[in-house]
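The values are calculated or read from the model by the stated rules, or taken from the named source; none is laboratory data. In this text, all values refer to a predicted model and were calculated from it rather than measured experimentally. Reconstructed Cβ throughout: ideal geometry from the backbone, glycine too, with neighbour counts over all protein chains shown. Remember, those area values only see protein heavy atoms, side chains included, never the ligands or the DNA or RNA. Shrake-Rupley method; radii C 1.70, N 1.55, O 1.52, S 1.80 Å.
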Amino acid sequence: MKALQSEETQLRGTVSIWYGIGNLRIKSRTGLKERFTAARALPQKKAAIHGCVDDERQYAICTVMVKVMQSNMRARMRLHFGSLTECQYQLSTYGISPQSLPLDAFGNINLDRHQRWVQSCVMEETPVDLPISSPQALEESITTPNENDVLFTGGKVGKHIGNQRFKSYILEFSQVYDSGTDEIKRHIVNEISAKIHEGGGRFLRRHGAAWEEVPLDNLRGKIMQAFRKCRRVRKQSCV
């Protein structure tokens, strides 16, 4: 409803995406019809609707349903056929990044990002009287990392909880990362970054006597470097 209240959304419309892949596959023809009907019934201007399926029979049924739509709706409808990665790539050609979808690296529903967006909306609508010293307080807070932060020091950080958690995520996703496509690797990197932030952590590096957050572009490189290091260690242990 937040989006529907936006004047810009009312003028430009929304982009809807429904998934019928893997665990999210629609089980029956009735389910397909209900999903199409629900998409058409939403009280909003629709700039585009994307449907993703990995079953040839369902793709054929969807194609027929699109053909019988009204011309103004049919012009906005796009069907995509293939695996999770293939459909995400096709969506990316329309400017829809995998990171904007409520899915994890394996195609399961993950609402963490959506919940963070909801929380940010609530914070925007809640008036807060900030103290005059808040910029200084914010600067002071980063001089002392919290236990959930991931610290990049160029050396050992002992048993810091944030780094241990980061290492566990690298180990958990390492095999999928090593065997995945570039698109899957980017998705996993973003997933790990999101998990650390969801746990109240930040990615910090030394900045003089204090700390600063690692810029996003550099952060991706550091996470990818952690996977490469994990792969080297795994190979050495097998020798």
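For residue 169, the conditions (1) modelled with pLDDT under 85; (2) within 17 Å of the chain's Cα centre (by Cα) are fulfilled apart from (1). I'd like to check something: does region 150-167 contain any residue that is open to solvent by less than 20 Å² (accessible area, probe 1.4 Å) and more than 21 Å from residue 99 (Cα to Cα)? Yes. Evaluating residue 118 against the criteria (1) modelled with pLDDT of 70 or more; (2) closer than 21 Å to residue 193 by Cβ; (3) in a helix (DSSP H, G or I) leaves one unmet condition, (1).
Inside region 172-228, residues that are more than 16 Å from the chain's Cα centre (by Cα), among the charged types (D, E, K, R), crowded, with 17+ Cβ neighbours inside 10 Å and over 19 Å from residue 112 (Cα atoms) make up a count of 1. Whenever a residue of region 209-230 is in a loop (DSSP other than H, G, I, E, B), its partners that are among the basic types (Lys, Arg), lying with C-beta atoms within less than 6 angstrom and at least six residues away or across chains, give the pairs 214/205. Taking first residues from region 162-190 that are more than 21 Å from residue 151 (Cα to Cα) and partners that are part of a helix (DSSP H, G or I) and open to solvent by 50 Å² or more (accessible area, probe 1.4 Å), the Cβ contacts under 7 Å between residues at least 6 apart in sequence or on separate chains come to 177/185; 178/231; 183/89.
Restricting region 61-83 to residues that are under 28 Å from the mean Cα position of the chain (by Cα) and open to solvent by less than 30 Å² (accessible area, probe 1.4 Å) leaves a set whose member that is nearest to residue 21 (Cα to Cα) is 82.
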